[in-house]
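The values are calculated or read from the model by the stated rules, or taken from the named source; none is laboratory data. What you see is a predicted model, and the numbers here were worked out from it, not measured in a lab. Here the Cβ positions follow ideal geometry from the backbone for every residue, glycine too, while neighbour counts run over all protein chains shown.
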Amino acid sequence: MRLQYLTDDGIQYLKGNFETNLPHYIQKDSAFFAKMLKEHDFLQDTGYDFNPFVTNLQVTGDESADDVHNAEVIHRALSNLPYYIAIDEKIWAALLHTYLFDFVCEKRKDFLDETVRDYQNKIYNSFFTYTKHGKRRGTFVNCVASLYWGAEMVYAPDNRDDPYGLLREIAATGYPSTIVIFSSSRILGRRETCIGFLNAIHKLRLAQKWNVDRPAVVSGIKYLNLIAGLSMLDMRSEEEIENMTETFYQGYFQTLERKDK
């Protein structure tokens, strides 16, 4: 299947007419957008193919499990894309308004309602990636692009049995909010660092000695950001990052235990 992108005019047209088109988003009117995009010739061919995957996506109500599953499905299908294409809003907006429109509507159905607080922004963020949050953050806020990029950050090809297994560590504290926290750290943008950090989180959770909750995850990320320059994290291996993270958490949780006494 051919991957398409929205022209610059197409992006501007959709964004400029967003409020006018809101009823069509709320009514899940995929035919309206398909007709409009075709009439204006807003869709163009990227030259890239992908294997159809939409039927493999799931929305079961178990959001954490769904996000982990769907992130793997989307990344496997689009993993051949170069970075400059995978980060481009024109690609995601095209997918979100065509091939993935019904999936987005199902995934975000609770927000397709005028009675929902801030429903306009929530719908906008669901169908575009360059938003008021900025380009990078907006991409990680989007309900589909964030799945792809989360999988890209943790994909471990050497782990043949479960190369996407670390997605579960992100989802353990709520995938949407946790991946945004990860995206804000330049250090975790390097895959080796991200994998090393999450490997340590995984081991700690398996041990079940301490509760590695969201505040603990945030503290660990802040620690890595703090020592990044002095410790030359960009040159460290996954194992070294993992060991440094484990050492940090031993002190972190021991300090918490002393405070509780």
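Scanning region 74-104 for residues that are without any contact (Cβ under 8 Å) to a residue 12 or more places away in the chain and in a helix (DSSP H, G or I), which turns out nearest to residue 130 (Cα to Cα)?
By that ranking, first place goes to 84.
Just to be sure before I move on: is residue 67 assigned to a loop (DSSP other than H, G, I, E, B), among the charged types (D, E, K, R) and touching a helix residue (DSSP H, G or I) at 6+ places or on another chain (Cβ under 9 Å) in the structure I sent? Please lay out each step first, then the result.
On the way: assigned to a loop (DSSP other than H, G, I, E, B): no; among the charged types (D, E, K, R): yes; touching a helix residue (DSSP H, G or I) at 6+ places or on another chain (Cβ under 9 Å): yes.
Criteria not met by residue 67.
Is at least one residue of region 234-242 closer than 22 Å to residue 83 by Cβ, out of contact with any Asp or Glu (no Cβ under 8 Å at 6 or more places or on another chain) and either modelled with pLDDT under 95 or not assigned by TED's automatic domain parsing to the domain that holds residue 82 (or both)?
yes
Given the conditions (1) surrounded by 15 or more Cβ atoms within 10 Å (Cβ to Cβ); (2) out of contact with any Phe, Trp or Tyr (no Cβ under 7 Å at 6 or more places or on another chain); (3) not small (Gly, Ala, Ser), which single one is not true for residue 52?
The single condition residue 52 does not satisfy is (1).
List the residue pairs whose Cβ atoms are under 9 Å apart, where the first residue sits in region 235-258 and is farther than 18 Å from residue 208 by Cα, the second is β-branched (Val, Ile, Thr) and part of a helix (DSSP H, G or I), and the two are 6 or more positions apart or on different chains.
236/193; 238/193; 238/195; 241/193; 241/195; 244/227
Residues are listed down the side, and each one gets a yes or a no for (1) part of a helix (DSSP H, G or I); (2) within 19 Å of residue 146 (Cα to Cα); (3) among the acidic types (Asp, Glu):
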| position | (1), (2), (3) |
| --- | --- |
| 173 | no, yes, no |
| 181 | yes, yes, no |
| 198 | yes, yes, no |
| 206 | yes, no, no |
| 212 | no, no, no |
| 239 | yes, no, yes |
| 251 | yes, no, no |
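I need the full set of residues from region 92-137 which are more than 21 Å from residue 77 (Cα to Cα), surrounded by 15 or more Cβ atoms within 10 Å (Cβ to Cβ) and of a type in the set (A, V, I, L, M, F, W, C), in order please.
Answer for region 92-137, where residues must be more than 21 Å from residue 77 (Cα to Cα), surrounded by 15 or more Cβ atoms within 10 Å (Cβ to Cβ) and of a type in the set (A, V, I, L, M, F, W, C): 111, 112, 123.
When you go through (1) at pLDDT below 95; (2) assigned to a helix (DSSP H, G or I) one by one for residue 219, which number turns out not to apply?
(1)
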